[in-house]
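Here is the structure we will look at.
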Amino acid sequence: MEDIRLDKYLWAVRVFKTRSDAADAIRTNKVTVNGSYAKPSREVKIGDVIAVRKQQVTYSYKVLDLVSSRQPAKNVPVYCLNVTPQEELDKLNIPRETIFVFRDRGTGRPTKKERRELDSLMDDLYYDDEE
């Protein structure tokens, strides 16, 4: 089988819902192949490592076989292997550790000052872990 376009491969192995979503992510430098940025038309080869940044997590996939048509979810492990490090997957649990701020019933929306305090509290929680 000949080489497959990167955007078509990512769509076929269900990393993205549509091929245009895959192409947009590649164009906005959210996808790297073997550590370098690529174009949607880049050809994927067996053994390539593709890193895809979705929200705060960077998923890594190793190409095991080439496929051009969209596959059922149960067949995806035949074509690519998820090699995402555990540290990246742990970032998915951060939103569960949010802080609940109690407000009395009927007090309405937060004031501008209260909103700034909430934002700084949340920034400290999320951005201190990355340093």
Checklist entry - What about residue 90, is it without any contact (Cβ under 8 Å) to a residue 40 or more places away in the chain, more than 30 Å from residue 119 (Cα to Cα) and part of a helix (DSSP H, G or I)? => result no
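Can you confirm whether the stretch 47-55 contains a residue that is small (Gly, Ala, Ser) and touching a Ser or Thr at 6+ places or on another chain (Cβ under 6 Å)? Step through it out loud before you land on a result.
Restricting attention to the stretch 47-55, the residues satisfying the condition of being small (Gly, Ala, Ser) are 47, 51.
After this cut, where a residue has to be touching a Ser or Thr at 6+ places or on another chain (Cβ under 6 Å) as well, the list is 51.
Taking every residue of the stretch 47-55 in turn, at least one turns out to be small (Gly, Ala, Ser) and touching a Ser or Thr at 6+ places or on another chain (Cβ under 6 Å).
May I ask you to verify whether residue 65 is touching a strand residue (DSSP E or B) at 6+ places or on another chain (Cβ under 9 Å) and either surrounded by fewer than 12 Cβ atoms within 10 Å (Cβ to Cβ) or assigned by TED's automatic domain parsing to the domain that holds residue 122 (or both)?
Values: touching a strand residue (DSSP E or B) at 6+ places or on another chain (Cβ under 9 Å): yes; either surrounded by fewer than 12 Cβ atoms within 10 Å (Cβ to Cβ) or assigned by TED's automatic domain parsing to the domain that holds residue 122 (or both): yes.
Against the criterion (touching a strand residue (DSSP E or B) at 6+ places or on another chain (Cβ under 9 Å) and either surrounded by fewer than 12 Cβ atoms within 10 Å (Cβ to Cβ) or assigned by TED's automatic domain parsing to the domain that holds residue 122 (or both)), residue 65 qualifies.
Report whether or not residue 53 is of a type in the set (D, E, K, R), closer than 25 Å to residue 93 by Cα and modelled with pLDDT under 95. Break it down into steps so the answer makes sense when it comes.
Working: of a type in the set (D, E, K, R): yes; closer than 25 Å to residue 93 by Cα: yes; modelled with pLDDT under 95: yes.
Here the answer is yes, as residue 53 does meet what is asked.
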Item to check | Residue tally, condition surrounded by fewer than 20 Cβ atoms within 10 Å (Cβ to Cβ) and closer than 13 Å to residue 79 by Cα, over the stretch 9-47 | outcome: 4
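The values are calculated or read from the model by the stated rules, or taken from the named source; none is laboratory data. Predicted model only: the values in this text are computed from it and were never measured. So basically every Cβ, Gly included, is an ideal-geometry build from the backbone, and we count neighbours across all protein chains shown.
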